[in-house]
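Please read the structure below before turning to the comments.
The values are calculated or read from the model by the stated rules, or taken from the named source; none is laboratory data. Bear in mind the structure is a predicted one, so any value in this text is a computation, not a measurement. Cβ atoms come from the backbone with ideal geometry, glycine included; neighbour counts cover every protein chain shown. Please note that ligands, DNA and RNA were not included when accessible areas were found on the heavy atoms of the full protein model with its side chains. Shrake-Rupley method; radii C 1.70, N 1.55, O 1.52, S 1.80 Å.
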Amino acid sequence: MMCHTSVLLRRLLQEYPGHSHYSFDRPGTGRSNVATSVSLWACCRRASTNQCRLLPTMPLSLEERVSFIQGINVRPSAGVTVAADTTAGASDAAVSAGSSVAFVSNIDSQMKADVLNSTLMAQLNASELHNRETDPRSWYNTYLETLMAIGWEVKEFDFTLIQDTDNFLTSDELFLDYVSKYMPTAEFALFRRMLTALQQPQNSKASKLLDDEARTLRMSNWQAGVVSNDGGNPTFKINAFLCSASWTLEHAMFFKLRQGGGEVEITAEHQVMHLDLAKYSQVRELILQQLGNNAQLLIHDIAL
């Protein structure tokens, strides 16, 4: 069986036959190695040009998608120190590894499970291949390529530095200000409730799960957003944040922005992703098989 790396590289070469003289960088090494390229948006370099990225325009076939998913090596996270939540998906919000997701009222349990499991699979594949905190660029390349293979419609993340961190005392104030620019009023209110709830004692297990998955000593890489129902398919308004501080971060999401003259840098990105359930239903059972007990260990409800 062809591994998912070969499937994606073959598709790139089919779509860009005139670019056979490009070299594809092995993620995290800078060394050219076509056989080990794992990025759908493979970094390519040409002697006369700057670095660029190629995004396939033709959708992957079902055979290619199945091959990709079967090639993912999913292992339980070594950082998990909270008990599995066997009722995950019953609430209107949940943590899925390093992502926090809220659902509007017309999202049924199957759609919730599809969103949480598919985004969990993408995170696990990205974290298997790259360090989530220290190599976020490569991590997001693999995260997005996995979402695309699963059935999500996505675009490349384009992070921008948040310049006005000095205007806020705490990180959650800054995050809410950022997200408010992109979400409708009702969905933003739900997002605010989720962030507030994550700081409450009753949600300490969910909060700790996200910290374990998305934070190292001085860095964090996490996502948070709201899922709505768009004509029977989930739409995920996702916000991604990369945080780096000169002090130890107690939490991935919540910390003071001023620590004795220390410095903090936060970059962020917002986009709207759509899950095609007709496509996802073709691989739903395979994804559940691949996830195994990770779907219980790495998903935890948030009590709103």
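What is the Cα centroid distance between segment 269-304 and segment 177-207, reported in whole angstrom?
Segment 269-304 and segment 177-207 have Cα centres spaced 20 Å from each other.
I'd like the accessible area for LEU297, computed on protein heavy atoms only with a 1.4 Å probe and all protein chains in place. Round to 10 Å², please.
50
What is the sum of charges, Lys and Arg at +1 and Asp and Glu at -1, for the other residues whose Cβ falls under 14 Å from the Cβ of PRO234?
Net charge in that neighbourhood comes out at -3.
If Lys and Arg each add +1 and Asp and Glu each add -1, what is the summed charge of the other residues whose beta carbon sits under 13 Å from the beta carbon of VAL66?
Cβ neighbours under 13 Å give a net charge of 0.
How big is segment 142-286 by Rg and Dmax over its Cα atoms, in Å?
My reading of the Cα-based Rg and Dmax gives 16.3, 53 Å.
Work out, step by step, the length gained on full extension between VAL104 and ALA189: first 0.36 nm times the residue separation, then minus their alpha carbon distance; give nm to one decimal.
Fully extending the segment from VAL104 to ALA189 adds 29.5 nm.
Under a Cβ-only charge scheme (Lys and Arg +1, Asp and Glu -1), can you give me the dipole magnitude of segment 211-259 about the Cα centre, in debye to the nearest 20?
Result for segment 211-259 is approximately 280 debye, rounded to the nearest 20.
Excluding TRP222 itself, what net charge comes from residues whose Cβ is under 11 Å from its Cβ, given Lys and Arg +1 and Asp and Glu -1?
For residues surrounding TRP222, the net value is -1.
Going by average Cβ density within 10 Å per residue, which order do the peptides 261-269, 130-138 take, highest to lowest? Could you put the intermediate results ahead of the total?
On the way: 261-269: 15.2, 130-138: 18.7.
In decreasing order of mean packing, 261-269, 130-138 become 130-138, 261-269.
Please work out the FRET efficiency for the pair GLN296 and ARG258, using the Cβ-Cβ distance as r and a Förster radius of 45 Å; give the result to the nearest 0.05.
Working: r = 39 Å, r/R0 = 0.87.
With R0 = 45 Å, the Cβ-Cβ based efficiency is 0.70.
Please state the Cα pair-distance histogram of segment 122-176 with 10 angstrom bins from zero: what percent is in each bin?
The calculated distribution, bin by bin, is 22, 35, 31, 12, 0.
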